[in-house]
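Working notes, structure below.
The values are calculated or read from the model by the stated rules, or taken from the named source; none is laboratory data. Computed from a predicted model, the values in this text were never measured in an experiment. FYI the Cβ positions are ideal-geometry reconstructions off the backbone, even for glycines, and counts take in every protein chain you see.
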Amino acid sequence: MFPRPVQSMSPAARTTYQIALPVMLILWLLPLLGVALTSVRPSSDLAQGNYFGVPSYLAFSNYLDVFRNSPFASYMLNSFRVTIPTVIGAVALSCLTGYALAVYRFRGNLIVFFLFVAGNFVPFQILMVPVRDLTVSTGLYNTITGLALFHIAFQSGFCTLFMRNFIRALPRELIEAARVEGVAEWKIFWFIVLPLMRPAIAALSVLVFTFIWNDYFWATVLTTSATTQPVTAGLYSLNGQWIASWHLVSAGSIVAALPPVMMFFLMQRHFIAGLTLGATKG
């Protein structure tokens with residue numbers, strides 16, 4: 001059921017592992033290294049067909065040109081305006097629904113839980129037309145609010161599944177002891193369960209932040225203007241009308257990738273704790 005430790009493998013298997021691991025790591029990093037190298041490649045190199053060779057010089061000015069020659073700062077701000085409310089809304093809602101589904105036993109509990117989970121299995125492509133029509137009819141099309149509300153609704157299923165399973169792994173004796181002492185239900189949630197959920201909240205916040213920040217499909221479906229488009233959709237505007245400015249697109253991609261990477265490293269300790277809690281037996 002579990003993978004065997006490398007130390008217990010045969011010498012041939014260990015040698016194969018030691019060779020395959022750096023090879024796979026290099027293959028995985030090659031596209032990232034290519035983007036990083038292109039981000040400092042001057043436009044003259046691209047015009048001469050030097051796409052994969054060594055740059056004639058390092059053009060770090062590409063990172064400044066991204067902000068000077070396009071509304072890239074507006075795209076970044078839009079991404080924060082969509083992502084942060086989505087993380088807060090989806091995580092807060094899932095804390096409440098996860099707690100209710102994990103702690104309270106009522107008729108229809110499994111049905112409600114199934115409805116939350118079932119939405120994760122619906123191919124999002126088939127929702128494109130009805131979701132767009134819904135946002136148009138409600139006046140939320142091409143707005144930050146509409147995109148954020150959709151993401152909150154769409155992420156709530158996964159977040160509820162995550163939180164419900166996390167809360168079920170907590171000692172139920174804590175809740176029962178508080179009830180015996182006459183503690184109100186909302187105080188049990190706020191003062192007992194919620195502090196224990198901090199690792200899960202941190203892990204879920206990192207996951208949802210990454211999902212929403214990197215979303216491209218719904219950003220292009222539900223927004224059309226530079227005043228509302230997130231950075232994933234706005235990167236396309238860095239291309240010129242007649243010439244593909246890959247050096248600017250690469251530089252913009254590097255800048256756009258920084259916030260989720262920084263958030264992961266800032267929340268790394270809580271993120272790992274939230275994912276591994278309850279993963280051991282006994």
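Brief remarks follow.
- Matching option when the condition is outside any loop (DSSP other than H, G, I, E, B) and either surrounded by 14 or more Cβ atoms within 10 Å (Cβ to Cβ) or not β-branched (V, I, T) (or both), among V129, V87: V87
- Being in contact (Cβ under 8 Å) with a residue 12 or more places away in the chain, part of a helix (DSSP H, G or I) and not β-branched (V, I, T) is a description that does not apply to L27.
- Here the condition is being under 31 Å from the mean Cα position of the chain (by Cα), at pLDDT below 90, exposed (fewer than 12 other Cβ atoms within 10 Å of the Cβ) and over 30 Å from N142 (Cα atoms); of P3, P11, P22, it holds for P3 alone.
- Residue tally, condition part of a loop (DSSP other than H, G, I, E, B) and of a type outside the set (D, E, K, R), over the range 132-186: 12
- Flag not set for L174, criterion: in contact (Cβ under 8 Å) with a residue 60 or more places away in the chain, over 27 Å from L140 (Cβ atoms) and not polar (S, T, N, Q).
- Residues in the range 31-78 that are part of a loop (DSSP other than H, G, I, E, B) and either on the phi > 0 side of the Ramachandran plot or of a type in the set (K, R) (or both): R41, G49.
- For the residues S44, S74, S39, S61, the requirement of being in contact with a Phe, Trp or Tyr (Cβ under 9 Å, 6 or more places away or on another chain), surrounded by 12 or more Cβ atoms within 10 Å (Cβ to Cβ) and either modelled with pLDDT under 90 or not hydrophobic (A, V, I, L, M, F, W, C) (or both) singles out S39.
- Of everything listed in (1) within 30 Å of L37 (Cβ to Cβ); (2) touching a residue at least 12 places away in the same chain (Cβ under 8 Å), the single unmet condition for A73 is (2).
- Scope the range 133-178; condition surrounded by fewer than 16 Cβ atoms within 10 Å (Cβ to Cβ) and under 21 Å from T223 (Cβ atoms); matching residues: D133, L134, V136, S137, T138, G139, T145, A153
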